[in-house]
Every structure is written in structure tokens, then in C-alpha cells.
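Scroll down for the structure; my scribbles are underneath it.
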Amino acid sequence: HTGKEPYTIGYGTQFYPDGAPVKKGQYCSQEKALEYLFHELGIIEGRLDKLNLNLDGCMRQALVSFIHSVGWDSFLYSGIIDCLEADDFHGAMPTTRSLVASWTAGEKKLIYSYYSSTHPSVRLQTSC
């Protein structure tokens, strides 16, 4: 817990579907956490579709998950798109590793901790 913004809730949600930021101390149910996650994944999928990359279903799903973890802007400016547009999937791997390494070195860690599935709420988790 960093105790700093941006705050996250559930599975890494920083903004509610209406655009309002998550604030310190907020909670949500597991059901809401999944709703927010699917909303975010839908946004990422829509943006990814606009890039017209030649990806099969598994590659696309993996990329959506990766983008959700590192953020759209980090992905967009990473050079991965250039490799994928050229069908150079192996060339994208070092770029992906370097993005993850620099993201981790900057102490931007995903916190997917939550109470057990039987607990009625998913506690706010902070990351920066």
C-alpha cells in the first residue's frame, strides 16, 4: 500500500465507468469489481480493434491482459505496435520484457489482493 494516488479498487480499477476516480478508503463488492474489470477490458479491446493488428484470438486476449496491467499509454508508446504491425511477434518480446522491467523498477506494482470470494467486499488496494 503506497497511500498515494492513483488509488485502485478491485482488479486494478482506477476510474469508475462514469470517469470518476477511485478515492482512498472506497470499497466494492466482488461482483462490482468484476463489472469494472470487464468494462475496462471492453475499452481496451475497442482501442485494440482500431489498430487492426493481425492477432489470433489467444494473442489478442493475452495482449488485452498485458495492456490492462501496464496501461494503454505505456503500451501505445512502447514500440510493441510497430513489431505487431510488421508481424514480428518475436521482435515484440524484448520490448515487452523491457516495458515490464522498467515498470517494475519504477515500483509500479499491480496489487490484485482481495478478500476470499466468500467475503462480501473487495478492499481498496492502492498502487502508483
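General remarks:
- Condition met for Ala20 (over 23 Å from Thr95 (Cβ atoms), exposed (fewer than 15 other Cβ atoms within 10 Å of the Cβ) and free of Cβ contacts under 8 Å to residues at least 12 places away in the same chain): yes
- Failed item, numbered, when Ile44 is tested on (1) touching a helix residue (DSSP H, G or I) at 6+ places or on another chain (Cβ under 9 Å); (2) open to solvent by 50 Å² or more (accessible area, probe 1.4 Å): (2)
- Within region 60-114, the residues that satisfy the criterion of being modelled with pLDDT under 85, among the hydroxyl-bearing types (Ser, Thr, Tyr), open to solvent by 50 Å² or more (accessible area, probe 1.4 Å) and part of a helix (DSSP H, G or I) are Ser98, Ser102, Thr104.
The values are calculated or read from the model by the stated rules, or taken from the named source; none is laboratory data. Nothing here was measured: the structure is a model prediction, and the numbers come from that model. Every residue, glycine as well, gets a Cβ built from its backbone with ideal geometry; the counts of neighbours run over all protein chains shown. In case anyone asks, the SASA skips ligands and DNA or RNA and just uses the protein heavy atoms, side chains included. Shrake-Rupley method; radii C 1.70, N 1.55, O 1.52, S 1.80 Å.
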